[in-house]
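Engineer: To start, I am sharing the structure in question, which I have written as structure tokens.
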Amino acid sequence: MMRKVLITGAAGFIGSKLAEYLHVRGFEVVGCDIYNFRNAFFDVGDSNHLFIQKLRCDRIAHFLHKNQIQYHAVDLSDNAAVTKLFSNVKPHAVVHLAAQAGVRHSVKAPLDFVKSNLNGFANVLDACRNFAVEDFLYASSSSVYGARTTAPFSEIDRCETPESFYAATKIANEVMAQSYYSQYKTTSMGMRFFTVYGPWGRPDMAPMLFAQKMRQRLPIQLFGNGVLKRDFTFVADTVYAIGQLLQKGASRRHADVVNIGHSNPIQVTDFVSTLSQCLGIEPIIELAPMQISDVPLTCASDEKLIELIGEWPHTSLKDGLTEMTKWLEKWQIT
């Protein structure tokens, strides 16, 4: 029997690519997101609405419509709408990626994160219980680890000192999932993503943000005076890991979490240097102090992930940024 997978956040960076990945491998995929062509959803304070609208619209067209993947525009914070969606779709598996993202945005507007990250997550979690979903995987974040400097970060590390409200909502998601296992035996797998980048990426994250500014010959600000380190993870590697976790039924044991990152932190100045080589553009750099909510380091232990799925791809930063910059130049021309 063909397994039916519901992907929330299917107009997003990871969700749109995952939809195509699973479709090609024989899953029946259904996507949903709050975004639709008539009423685009934008982050509060975002000054580049047209860019984001085009990006989300083109993701749906390129990854979902092209593959004839069913798509629904749904506000997951509306419990009745979520119940209707699950009743109509009747998914065997759910990959919940929909969320309000952005550490720095959560400093400016923390309440923007309540509706989607708390209410929306609770509605999806409860629907998975009510509709006896076999596999429930959801997006967590490396942000849950806080400002620790002892590396690599392990899933058994204590996560109780978030540096941002965004991180707090992700910790809350993991605790909510654990409570549903304790109460109802609803199993789940929280995926702690580590700085995912690549083609079709989020414009508010450093890889796309820096590339755009460099192409426009504008200065880029390196916070923490450029010495912050991030465990950059190429999107195709991330999607492969999610697909393997799903296919191997990794979420069926209990309420668990797993890192999706390569244990290969790169200093931001080195990242910019590699990006500069890929673009053939010399950056204009402005060093700035560390911002509130920033952390000095992210570094994933991937031992648990390898135990669950075996060896997984590790795209080099040079290859990943080359692919991203080639796509960016082509996409903005079309």
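One line per residue, one yes/no per condition, for (1) assigned to a loop (DSSP other than H, G, I, E, B); (2) surrounded by fewer than 17 Cβ atoms within 10 Å (Cβ to Cβ):
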site: Thr150; (1), (2): yes, yes
site: Asp157; (1), (2): yes, yes
site: Pro199; (1), (2): yes, no
site: Pro207; (1), (2): no, no
site: Phe210; (1), (2): no, no
site: Leu218; (1), (2): yes, yes
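Engineer: Looking at Ala167 and the list (1) in contact with a His (Cβ under 9 Å, 6 or more places away or on another chain); (2) in a helix (DSSP H, G or I); (3) surrounded by 18 or more Cβ atoms within 10 Å (Cβ to Cβ); (4) not hydroxyl-bearing (Ser, Thr, Tyr), which single condition is not satisfied?
Structural biologist: Single failed check for Ala167: (1).
Engineer: Then there is this: Here are some residues: Ser116, Ser141. Which one is of a type in the set (Ser, Thr, Tyr) and touching a residue at least 60 places away in the same chain (Cβ under 8 Å)?
Structural biologist: Going through Ser116, Ser141 in turn, the sole match is Ser116.
Engineer: Sticking with this structure for a sec: Can you tell me which residues in the stretch 97-113 are part of a helix (DSSP H, G or I) and either free of Cβ contacts under 8 Å to residues at least 12 places away in the same chain or out of contact with any Ser or Thr (no Cβ under 6 Å at 6 or more places or on another chain) (or both)?
Structural biologist: Scanning the stretch 97-113 gives Arg104, His105, Lys108, Asp112.
Engineer: On the basis of being crowded, with 17+ Cβ neighbours inside 10 Å and either at pLDDT 95 or above or touching a His at 6+ places or on another chain (Cβ under 7 Å) (or both), does Ser301 make the cut?
Structural biologist: yes
Engineer: Ok, one more. Among Thr238, Thr187, which is the only one that is farther than 22 Å from Ala300 by Cα, touching a strand residue (DSSP E or B) at 6+ places or on another chain (Cβ under 7 Å), touching a residue at least 60 places away in the same chain (Cβ under 8 Å) and crowded, with 18+ Cβ neighbours inside 10 Å?
Structural biologist: That would be Thr187, the only listed residue that is farther than 22 Å from Ala300 by Cα, touching a strand residue (DSSP E or B) at 6+ places or on another chain (Cβ under 7 Å), touching a residue at least 60 places away in the same chain (Cβ under 8 Å) and crowded, with 18+ Cβ neighbours inside 10 Å.
Engineer: Within the stretch 37-67, take every residue that is modelled with pLDDT under 90 and either among the aromatic types (Phe, Trp, Tyr) or in contact with an Asp or Glu (Cβ under 7 Å, 6 or more places away or on another chain) (or both) and give me the one that is surrounded by the most Cβ atoms within 10 Å (Cβ to Cβ).
Structural biologist: Selected residue: Ile52.
Engineer: Now for a separate question. Which one is nearest to Lys213 (Cα to Cα) among residues in the stretch 299-334 that are touching a residue at least 12 places away in the same chain (Cβ under 8 Å) and among the polar types (S, T, N, Q)?
Structural biologist: Thr325
Engineer: Restricted to the stretch 304-334, and to residues that are among the hydroxyl-bearing types (Ser, Thr, Tyr) and modelled with pLDDT of 95 or more, which residue is nearest to the chain's Cα centre (by Cα)?
Structural biologist: Among them, the one singled out is Thr315.
Engineer: Somewhere in the stretch 120-136, is a residue assigned to a helix (DSSP H, G or I), under 16 Å from the mean Cα position of the chain (by Cα) and surrounded by 18 or more Cβ atoms within 10 Å (Cβ to Cβ)?
Structural biologist: Yes, because at least one residue in the stretch 120-136 is assigned to a helix (DSSP H, G or I), under 16 Å from the mean Cα position of the chain (by Cα) and surrounded by 18 or more Cβ atoms within 10 Å (Cβ to Cβ).
Engineer: Assuming Pro265 fulfils every condition listed in (1) surrounded by fewer than 16 Cβ atoms within 10 Å (Cβ to Cβ); (2) touching a Cys at 6+ places or on another chain (Cβ under 7 Å) apart from one, which condition is it?
Structural biologist: Pro265 satisfies all of (1) surrounded by fewer than 16 Cβ atoms within 10 Å (Cβ to Cβ); (2) touching a Cys at 6+ places or on another chain (Cβ under 7 Å) except (1).
Engineer: For Thr83, which of the numbered conditions (1) part of a loop (DSSP other than H, G, I, E, B); (2) surrounded by fewer than 23 Cβ atoms within 10 Å (Cβ to Cβ) fails to hold?
Structural biologist: (1)
Engineer: Against the condition out of contact with any His (no Cβ under 8 Å at 6 or more places or on another chain), at pLDDT below 95 and either not β-branched (Val, Ile, Thr) or not in a helix (DSSP H, G or I) (or both), how does Thr161 come out, does it pass?
Structural biologist: yes
Engineer: Kindly indicate the residue of the stretch 8-21 that is over 12 Å from the mean Cα position of the chain (by Cα) and either of a type in the set (Asp, Glu) or surrounded by 24 or more Cβ atoms within 10 Å (Cβ to Cβ) (or both) and also farthest from Val124 (Cα to Cα) among those meeting that condition.
Structural biologist: The qualifying residue farthest from Val124 (Cα to Cα) is Glu20.
The values are calculated or read from the model by the stated rules, or taken from the named source; none is laboratory data. A quick note: this is a predicted structure, and the numbers were derived from the prediction, not measured. Ideal geometry is used to build each Cβ from the backbone, glycine not excepted, and the neighbour counts take in all protein chains shown.
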